[in-house]
Amino acid sequence: MTSDGIDGEAPTLDQARKQVEHYGLEVDPQAVLVAVRLISAGARVGRTAEAHFARFGLSTGRYRVLADLEDHGGEKSPSSLAADLGVSRATVTGLLDGLEREGLIARRPSLEDGRGTVAILTVRGAQLLRDMAPEHFGRLEAMVGGLSAEERAVFLDLLARVVRGSAALVAD
């Protein structure tokens, strides 16, 4: 089951059954198929998101930092950014370095903790977010345009449950 279901032939329930039987496992082939297709879809969406953000000179990670700063009044500590974005502090440092070089964020010492720093969304960074908003949000809406409002609500619920279940992939 290696096809992504988009560019090639999708893995089928029959293929999942054959693999489960081949390994002599007692797992639900449909559950395996759903998981495989979801992983594949996530990779596909991730690739297209990177191409989308590249139009604006950003990556998904760089956009997420800028948007998170904007959502929190324009400034935040790197450790808070890392925690809220679910990435390592080193990853945030790399993203901030690039954003700072381009003048989209600035850093200053923390007023609460003189040893730490905070990242600040610059006027240029805020303007980039404003400039890209119509196209960005329009494309996001179009991405799920084939779903009704009711289907989107169900999808959000299902997605939240799957994300919680994704911990099973790395559990000891």
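Worth a mention:
- Taking a ≥ b ≥ c as the square roots of the eigenvalues of the Cα gyration tensor, the stretch 56-172 is oblate, since a/c reaches 1.5 or more and a/b is not larger than b/c.
- Taking Cβ atoms as reference points and 15 Å as the exclusive limit, the residues near residue 130 contribute a net charge of -3, counting Lys and Arg as +1 and Asp and Glu as -1.
- Of the accessible area of the chain, computed with a 1.4 Å probe over protein heavy atoms only, carbon and sulfur atoms account for 57 percent.
- Heavy atoms of residue 84 accessible to a 1.4 Å probe, total area in Å² rounded to 10: 90
- Fully extended contour minus Cα-Cα distance, from residue 88 to residue 70, at 0.36 nm per residue: 4.5 nm
- Global form of the stretch 1-127, assessed from the alpha-carbon gyration tensor, a/c cut-off 1.5: prolate
- Each of 52, 134, 105 was scored by the projection of its Cα onto the charge dipole of the chain, and the greatest displacement toward the positive side belongs to 105; charges sit on the C-beta of Lys, Arg, Asp and Glu.
- Excluding ligands, DNA and RNA, the accessible surface per residue across the chain is 66 Å² with a 1.4 Å probe.
- Approximating the spin labels as points 7 Å out from Cα along Cα→Cβ, the residue 49-to-residue 126 distance works out to 2.6 nm.
The values are calculated or read from the model by the stated rules, or taken from the named source; none is laboratory data. Being a predicted model, the structure only gives us computed values, none of them experimental. So basically every Cβ, Gly included, is an ideal-geometry build from the backbone, and we count neighbours across all protein chains shown. Remember, those area values only see protein heavy atoms, side chains included, never the ligands or the DNA or RNA. Shrake-Rupley method; radii C 1.70, N 1.55, O 1.52, S 1.80 Å.
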